[in-house]
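Note sheet for the following structure.
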Amino acid sequence: MASSAPKLIAGNWKMNGVKADLAEVETLVQALGNLAPDCIVAVCPPATLLQQVSAKSGKGTIKTGGQDCHVAEKGAFTGDIGAAMLRDAGASYVIVGHSERRTLHAETDGMVKAKARAALDARLTPIICVGETQRERENGVAVTVVEQQLNGSTPALKAGETMVIAYEPVWAIGTGLVPSLEDIAEMHGAIRDWLGRHVGEAGAQVSILYGGSMKPDNARAILAIDDVDGGLIGGASLKVEEFLSIIRAA
Ligand code: PGA
């Protein structure tokens, strides 16, 4: 299936960032104003900064996103954040099913799917993360595992809705390790095929991001692979020069 998916470079700040770091966002927005990249750039700061980062987004030069959302719209869920609240704070996206959430918060495919549905209902685009562990890669079942995660974690799309899939091998996140370009190409091709089989027409619009130790020195080669429509960037998104260099590579 030929893809017409938009290019997206999204920064995942994880649990990093305080008000003093907002100056980095201003630098980013200014630099992008001159660069006019032909990809969408998004920043997913911690929820405490979402509104302020959105306010600095320079009339949409950057988009913003949350890092997680609750399945319910609102209610007695101490410490949680609903998708509509993220939207209210200016978000366009929300990351769901990041491996850190799956591992540290025992999130299942079913929960991730419900969160993605809640995001869509709040008019956010969910960035749904999938990826195999090192052992699964070594055992030769990486593609099977990711297809199972896609089966379990993606909601049925209604007319006009879209989602983003982020392929993030668990063993590549924050480790400096990355799969070979061939392995990334194989996985992204498999995800694109899966989308063709399960999502149909709308699947061609779904961007497939690579995430896991994407850095300025490997971004160009990874982003040149067919069906790699962008990146989900952790560590390198915290340093504006590194993040910009990845955006330039896109
Ligand atoms: P990393 O994180 O770029 O620091 O490996 C990616 C992610 O967790 O989304």
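The values are calculated or read from the model by the stated rules, or taken from the named source; none is laboratory data. For clarity, every value in this text was computed on a predicted model and none was experimentally measured. All Cβ positions, glycine included, derive from the backbone under ideal geometry; neighbour counts span all protein chains shown. For the accessible areas, the whole protein counts, side chains as well, though only heavy atoms, and no ligand, DNA or RNA atoms are used. Shrake-Rupley method; radii C 1.70, N 1.55, O 1.52, S 1.80 Å.
Assorted remarks:
- Of the listed requirements (1) out of contact with any helix residue (DSSP H, G or I) (no Cβ under 9 Å at 6 or more places or on another chain); (2) open to solvent by 50 Å² or more (accessible area, probe 1.4 Å), P46 misses just one: (2).
- With respect to (1) touching a residue at least 12 places away in the same chain (Cβ under 8 Å); (2) open to solvent by less than 50 Å² (accessible area, probe 1.4 Å), the lone exception for K63 is condition (2).
- Residue ID - surrounded by the fewest Cβ atoms within 10 Å (Cβ to Cβ), chosen from residues in segment 92-139 that are among the aliphatic types (A, V, I, L, M) and within 13 Å of the ligand (Cβ to nearest atom): L104
- Residue match in segment 18-33 (condition: within 30 Å of V199 (Cα to Cα) and either in contact with a helix residue (DSSP H, G or I) (Cβ under 9 Å, 6 or more places away or on another chain) or away from the ligand (no atom under 16 Å from the Cβ) (or both)): no
- Scanning segment 14-23 turns up no residue that is without any contact (Cβ under 8 Å) to a residue 24 or more places away in the chain and touching a His at 6+ places or on another chain (Cβ under 8 Å).
- Number of positions in segment 231-241 that are more than 10 Å from the ligand (Cβ to nearest atom) and either closer than 19 Å to I165 by Cα or part of a helix (DSSP H, G or I) (or both): 2
- Residue that is most open to solvent (accessible area, probe 1.4 Å), among those in segment 166-199 that are β-branched (V, I, T) and within 13 Å of the ligand (Cβ to nearest atom): T175
- On inspection, A84 does not qualify as farther than 17 Å from K239 by Cα, open to solvent by less than 60 Å² (accessible area, probe 1.4 Å) and in contact with a strand residue (DSSP E or B) (Cβ under 9 Å, 6 or more places away or on another chain).
- Residue list for segment 200-230, filter: over 21 Å from N34 (Cα atoms), within 13 Å of the ligand (Cβ to nearest atom) and either in contact with a strand residue (DSSP E or B) (Cβ under 6 Å, 6 or more places away or on another chain) or assigned to a loop (DSSP other than H, G, I, E, B) (or both): L209, Y210, G211, G212, S213, M214, K215, I222
- Residues in segment 126-141 that are touching a residue at least 40 places away in the same chain (Cβ under 8 Å) and more than 19 Å from the chain's Cα centre (by Cα): R137 alone.
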